[in-house]
There are 2 protein chains.
Amino acid sequence: MSNVVSTGPLPGSRKAYRGALRVPVREIELTNGQVVERYDTSGPYTETDFRPDLGNGLPKRDRTRTHPTQLLAARAGEVTTEMAYVAARENLPAELVRDEIAAGRAVIPANVNHPEAEPMIIGKRFLVKVNANIGTSAVTSSPAEEVEKMVWATRWGADTVMDLSTGPRIHETREWILRNSPVPIGTVPIYQALERVNGDPTALTWEIYRDVVVEQCEQGVDYMTVHAGVRMAYIPLTVGRKTGIVSRGGSILAAWCLAHHQENFLYTNFAELCEVLRTYDVTFSLGDGLRPGSVHDANDDAQLAELRTLGELTKVAKDHGVQTMIEGPGHVPMDKIAENVRLQQEWCDDAPFYTLGPLATDVAPGYDHITSAIGAAMIAWHGTAMLCYVTPKEHLGLPDRDDVKAGVIAYKIAAHAADVAKGHPGAQAHDDQLSDARFEFRWADQFALALDPETAQSFHDETLPAAPAKTAHFCSMCGPKFCSMRISHDLRAAPGMAEKSAEFRAAGNRIYLPVAQP
Amino acid sequence: MSNVVSTGPLPGSRKAYRGALRVPVREIELTNGQVVERYDTSGPYTETDFRPDLGNGLPKRDRTRTHPTQLLAARAGEVTTEMAYVAARENLPAELVRDEIAAGRAVIPANVNHPEAEPMIIGKRFLVKVNANIGTSAVTSSPAEEVEKMVWATRWGADTVMDLSTGPRIHETREWILRNSPVPIGTVPIYQALERVNGDPTALTWEIYRDVVVEQCEQGVDYMTVHAGVRMAYIPLTVGRKTGIVSRGGSILAAWCLAHHQENFLYTNFAELCEVLRTYDVTFSLGDGLRPGSVHDANDDAQLAELRTLGELTKVAKDHGVQTMIEGPGHVPMDKIAENVRLQQEWCDDAPFYTLGPLATDVAPGYDHITSAIGAAMIAWHGTAMLCYVTPKEHLGLPDRDDVKAGVIAYKIAAHAADVAKGHPGAQAHDDQLSDARFEFRWADQFALALDPETAQSFHDETLPAAPAKTAHFCSMCGPKFCSMRISHDLRAAPGMAEKSAEFRAAGNRIYLPVAQP
């Protein structure tokens, strides 16, 4: 089995750790002497000399706790180590972190049995987060290959990873991922439960499902998608849809309900499930099994009926002290996005929203990282706390390494665009640093500050590969004669410009001379 | 010189023409017997047996006119042939077309000397359009290669093309493009004017510029970017910016104003320019020479001062009977997009807005087709009539063929997402057709209906290349055991589903059973 995963810093960056809590950052040293920092989720893999030992996994953090869950600690007024860590990571007060968690508006998905992970927070007052899905299917890839996918996704900025593995080696694959992951790991336990009954949804039972959940809790899974809102009464509402039920978990549970003519066993046993998750401080990700699979089905009766039930279940989970977030669509046209967030926040008591895209149109298979980045940026601006990425292969096939990167980068763009639009403290500083480098023709800095330094530099190299071009005061787009930015520099040097600017502003910016010839 | 351009229909499509006006459509014959139509801009190049003759150009349409411009004809109550054509093309009443043009809310850019082009309309009541920029630089490509870029861009859906050529063969290149283009061609005349004075902005004169405009009008250019709003008094407002002036035309004119300490000669001679454009029915695209080049500079004093002036010039142009649209940014964070459109519409008398992106963040060079597709989709939803594409090479280098396609497809996504969100008649039918094909496992139809059938099919082929997979009731993402859509089909077949759905709706969709175990 190959033990090779991607290591070493990104071009122009180096890994550093801050303070007694050793909070990770990515430092970028610019050619003008400035050093800037980025939020970093890549774990020790991006240290300069890190030598991974996949068999033994990452070093473990100390985990002491005085309350079963972060939610109960926060309610008791305690700032846990994890809260202090994420506060330092986001440059925000620890008390804000504690209060948001206490109110159920944010979660720290950190299973007590996953001490390898670096604490992170999901909530609308914090940086918008991105999840990447990985996982073996019956016919592909080894556990070590899945570890590399996880490392690769976090290298480009994934904040959490969901292991959606199916097939015979599901437990072993998850073990490899958990022990080597610096980020929280999520799962959908119904997939493993279905493996236990040889793929026959009607053979599922609550007991089989619960055993799977306990096994995964013991292993260290940090958050779990649970489709407890797929109630029997809502299934007929999907009949008039364009695309029926598109959630795997949702369709499995719907098949079970109809076969037995009984209520969803996740719904009827939800309180017991809460007790299990509380024991390990595992976070609920209440799944939207009836999410729309086409813009036609967006915000329809089935989706909204389930969302109301998720709100009801959120209250039950919080009564049990269990951290909870809510999953969302799917496919939603732009005009229905704000409404979707509004209803989720209202009905689910402001629990963090975690959305898949949504795709703003159905017409572009092969480019659904783009169709969905549009929806993702908008829904995050309106209050979604975490975005589940979509890759270019969505609807068509299994993502490879390039697709994983394309999906993560598209979603980092969406998340950051939302942080900027929300006015998140410090978010626009990234834009400003890059724009300064651009205006000052510091090409190397522009690459290092880019979300993907490698691609930025390789595109520049295609037309201007020589070293002097990396400090030249023009690029190949316009060439030296036409460079507007160079002309701008000349303009700034013109005498009296600052005074004229001040005069204009003092006059109320209203110097509108008449047109000389009407 | 190579004479090879891309020809033949897209996979699964065939070219057809409707009615006496021979309005082009792309027909897609589905495997279920249904035939659907798409708006089509690709010209005769996508006919099955078309043999291009680049030396002689495309067949010419008859151009008769009773008024100098479409605007004057519309005001006189006339429905011109071009208006009837675009009405048929968009499945909307010809009177709506006429009224929107008469009010200045829409334009048909159709120079009387460009009879090769198929009429199209730009206005917020119509389909959102996409422009692709092409053009030689001093060191690259022949005229025939630029024709191929134009053909290639329209093959993937570009509605207009701007020729931004620089260098010695600028007239010849434009001639090749115009004679072979089925879509309107736009230019930025100041680029050619600058060539005439060997690249020295301070040597420009109104007379040199006017001669260039007349030459281009004679050739058949359909719309021209004119930076008449870059007034001398606004230039100092750019001093405090992150990125100064990023428009080439804007920086050239700013340099001229400061060197001569005189008002922009395009502003002072604007009325005469109107007379020239009216003669040929060339449409103004009033350029935003002071557009922001970073999110930091968005909606700032310089940008808004120029926008007010563009509004003033719009009125002058309309008084002369000249069709006019307004160019817009650039780089704008999501929270400032709606405001931008609102001000443009208010100050410019509802003239069509034509925006470059905008990029919603600056941090992702190499992916600016995505950062800008986010902004483009949103700004089009809010009322922008045409989007100027951005390719992955933006800020870094010259786009190649793949970049042109990536830019066009990203922008077709943005434009269509906006059409759907705006509720444009018939827009969502495309999504519904594709979603039906997806739900019914008609893989071949899903590819044919995709914006890019080739990429969709190639992604599917990567994991399931065999022919039977193209009708299989599952895909490689979940495999046969987990297919949610297949399970959905089984559910629909369950007895009594339709009745249950009706019952639920009759009860007000409010069947919320209590949680069995709290």
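Every number in this text was worked out from the coordinates using simple rules, so none of it is lab data. Bear in mind the structure is a predicted one, so any value in this text is a computation, not a measurement. Glycine gets a Cβ as well: all are built from the backbone with ideal geometry, and neighbour counts include every protein chain shown.
A few comments on the model shown:
- Cα gyration tensor category, rounded, prolate or oblate, for the stretch B:1-143 with a/c compared to 1.5: oblate
- Computed over the stretch B:228-368, relative contact order equals 26 percent, with contacts defined as Cα pairs under 8 Å that lie 6+ residues apart.
- Neighbour-count ranking [beta-carbon atoms within 10 angstrom, fewest first] of B:R61, A:R241: B:R61, A:R241
- Copy-to-copy label separations for A:G199, where each label sits 7 Å from Cα toward Cβ, in nm and ascending: 6.6
- The overall shape of the stretch A:422-477, judged from the alpha-carbon gyration tensor, is prolate: a/c is not under 1.5, and a/b is greater than b/c.
- Debye log10 I(q)/I(0) for the stretch A:70-425, one point scatterer per Cα, at q = 0.09 Å⁻¹: -0.42
- 3J(HN,Hα) from dihedral phi, the stretch B:342-349, Karplus parametrisation 6.51/-1.76/1.60, rounded to Hz, x for glycine, proline: 4, 5, 4, 5, 5, 7, 10, 6
- Helix-derived mean residue ellipticity, 222 nm - over chain B, DSSP H n ≥ 4, -39500 (n - 2.57), to 500: -13000 deg cm²/dmol
- Rounded tilt (10° steps) of B:368-381 against the dominant C-alpha axis of chain B: 90 degrees
- Relative to the longest principal axis of the Cα atoms of chain B, the long axis of helix B:81-90 makes an angle of roughly 30 degrees.
- Distance from the Cα centroid of the stretch B:309-349 to that of the stretch A:280-302 is 40 Å (rounded to whole angstrom).
- Using alpha-carbon coordinates, inclination of helix B:427-439 to the longest axis of chain B, degrees: 40 degrees
- Peptides A:378-386, A:423-431 ordered by average Cβ neighbours within 10 Å, highest first: A:378-386, A:423-431
- Pairwise centroid distance, computed over Cα atoms, of the stretch A:383-407 with the stretch B:187-214, Å: 47 Å
- Rounded to the nearest 5, the antiparallel percentage of DSSP beta bridges internal to the protein assembly as shown is 35%.
- Here A:K124 is the anchor, and the lysines within straight C-alpha reach of less than 21 Å, apart from those fewer than 8 places off in the same chain, are A:K315, A:K318, A:K336, A:K412, A:K422, B:K336.
- Other protein chain C-beta atoms within 10 Å of residue C-beta, averaged over B:428-437: 6.
- Counts of other chain beta carbons within 10 angstrom of each beta carbon in peptide A:448-460 average 5.
- Pair-distance profile P(r), taking every C-alpha pair of the stretch B:242-360, with 10 angstrom steps and integer %: 14, 44, 33, 9, 0
- Taking only Cα atoms of the stretch B:220-280, radius of gyration then Dmax in Å: 13.2, 41
- Shape category assigned to the stretch B:331-413 from the gyration tensor of Cα positions, a/c cut at 1.5: prolate
- Per-residue mean of foreign Cβ neighbours for B:381-391 is 1 (Cβ atoms of other chains, 10 Å radius).
- Normalised convex hull volume, the stretch B:109-199, alpha-carbon set, Å³ per residue: 97 Å³
- Cα centre as origin, Lys/Arg/Asp/Glu Cβ charges: the stretch B:300-399 dipole, Debye: 240 debye
- Shortest-first nm distances, A:F50 label point to equivalent points in other copies (7 Å, Cα→Cβ): 5.3
- Using C-alpha pairs below 8 Å separated by at least 6 residues, the relative contact order for chain A is 13 percent.
- For chain B, DSSP calls about 35 percent of its internal beta bridges antiparallel.
- Pair-distance distribution P(r) for the protein assembly as shown, from all Cα-Cα distances in 10 Å bins starting at 0: 2, 11, 20, 23, 19, 13, 8, 3, 0 percent.
- The same position A:E275 in the other copies lies at 9.2 nm from this copy, comparing label points 7 Å beyond Cα toward the beta-carbon, shortest first.
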